[in-house]
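Q: Right, I'll just put the structure down here and ask away after.
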Amino acid sequence: MYYLKHRPCLCFFEAVVFNMRMTSIYKNYFKVRSKIRDAELASGREPGSVKLLAVSKTQSADKISALYQLGQRHFGESYLQEALKKQRQLGAYQITWHFIGPIQSNKTKSIAVCFNWVHSVDRFKIAKRLSEQRPAHLPPLNVCLQVNVSNEASKSGISIADLPELVKQVEILPNLQLRGVMAIPSPQSEYDLQRKPYQMLNQAVEKLGRKEMTTFSYGMSGDLVAAIAEGATIVRVGTALFGKRKY
Ligand SMILES: *Cc1c(COP(=O)(O)O)cnc(C)c1O
């Protein structure tokens, strides 16, 4: 394991705490996996049709390593510098890296080079830079367009009304592969209210009639069951796997 190679001399107390922490990650992992499975079955979805993206922002390389040992391969990060550091630490691992955070222009180069997926494209300028900066020897960068479904001024994401135009602009960029949409609705505790924003976005995507848009990056720890009922193909889960984030 990563931690054994890099920290050969944990003291006894450190080792005990470390093991407790990893044991809870293992338990959480199986809990989340079975929750996804139950939600797939409950909504008549094919078992295994929903991909789990482990959101590891603020979490250590050790914790990523622990999930990797259990077979997890897709990890999501929001902060570029932190992500690049972990990618270096975990260079030998066969991880598919997803960038899911807000993107400033000065970050596009590293994102285009170091990630396989980007979920948070919400303007043409960023998409164009990602396409131009994607190295020629790599396959096209997979992108989802982030849609602001709750129309909150503070949130990133394009409005549903502006989605068709952005789709037209992005789908012709040579080094990007447009895969679908991502949404982060404002948190709701009621199941029906959790489903609403995804229903709206589903209708908008259906109207576009693009057969390559098959990815629905919907759902986090708090609403993944509702998201799966509404067709999520990727759920982005952090807290339910790793516990509360410490910033
Ligand atoms: C942090 C984050 C998540 C994970 O949220 P949890 O509630 O911890 O599961 C999912 N998606 C995005 C875009 C995030 O930034």
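Q: What does the accessible area of Lys125 come to, in Å² to the nearest 10, when a probe of 1.4 Å is used?
A: About 120 Å², rounded to the nearest 10.
Q: Round to the nearest 10 and report in Å² the accessible area of His137, as given by a 1.4 Å probe over the protein chains' heavy atoms.
A: We get 150 Å² for His137.
Q: From the square roots a ≥ b ≥ c of the eigenvalues of the alpha-carbon gyration tensor of the chain, which class results: rounded (a/c under 1.5), prolate (a/b over b/c), or oblate? Intermediate results must be reported in sequence, preceding the final value.
A: Values: a/c = 2.04, a/b = 1.32, b/c = 1.55.
Since a/c reaches 1.5 but b/c is at least a/b, the shape of the chain is classed as oblate.
Q: Mind checking which lysines have their Cα closer than 29 Å to the Cα of Lys27? Skip sequence neighbours fewer than 8 apart in that chain.
A: Here the lysines satisfying the reach criterion relative to Lys27 are Lys5, Lys35, Lys51, Lys57, Lys63, Lys85, Lys86, Lys244, Lys246.
Q: Once the whole set of protein chains is in place, how much accessible area is left on Ser120, using a 1.4 Å probe, in Å² to the nearest 10?
A: 10 Å²
Q: Give me the distance between the Cα centres of region 102-174 and region 59-101, rounded to whole Å.
A: If we compute the Cα centre of each part, the gap is 21 Å.
Q: Taking Cα pairs under 8 Å and at least six residues apart, what relative contact order does the chain come out at, in percent?
A: Details: 408 pairs, mean separation 48.1, N = 247.
Worked out over the chain, it gives 19 percent.
Q: Under a 1.4 angstrom probe, counting protein chains only, how are Tyr68, Tyr79, Tyr29 ranked by accessible area, largest first?
A: Numbers: Tyr68 35, Tyr79 95, Tyr29 5 Å².
Solvent-accessible surface, decreasing: Tyr79, Tyr68, Tyr29.
Q: Let me ask something else about it. Excluding ligands, DNA and RNA, what is the solvent-accessible area per residue of the chain at a probe of 1.4 Å, expressed in Å²? Working shown, then result.
A: On the way: 12490 Å² over 247 residues.
Spelled out: the 1.4 Å probe surface of the chain, per residue, equals 51 Å².
Q: Here is a follow-up. Tell me whether region 33-175 comes out rounded, prolate or oblate; compute the Cα gyration tensor, take square roots of the eigenvalues as a ≥ b ≥ c, and use a/c under 1.5 as the rounded threshold.
A: Details: a/c = 1.73, a/b = 1.16, b/c = 1.49.
The shape class here is oblate.
Q: While we're on this one: Taking the mean number of other Cβ atoms within 10 Å as a proxy for protection, how do you rank 100-108, 184-192 from highest to lowest? Show your work: numbers first, answer last.
A: On the way: 100-108: 16.8, 184-192: 14.0.
Ranked from most to least packed, the peptides come out as 100-108, 184-192.
Q: So what is the relative contact order of region 80-169, in percent, for Cα pairs below 8 Å that sit 6 or more residues apart? Present the calculation step by step, with values, prior to reporting the outcome.
A: Details: 111 pairs, mean separation 21.0, N = 90.
After rounding, I find 23 percent.
The values are calculated or read from the model by the stated rules, or taken from the named source; none is laboratory data. What you are looking at is a predicted structure, and each value in this text was computed from that prediction instead of being measured. So basically every Cβ, Gly included, is an ideal-geometry build from the backbone, and we count neighbours across all protein chains shown. We work out accessible area using only protein heavy atoms, side chains counted, and drop any ligands, DNA or RNA first. Shrake-Rupley method; radii C 1.70, N 1.55, O 1.52, S 1.80 Å.
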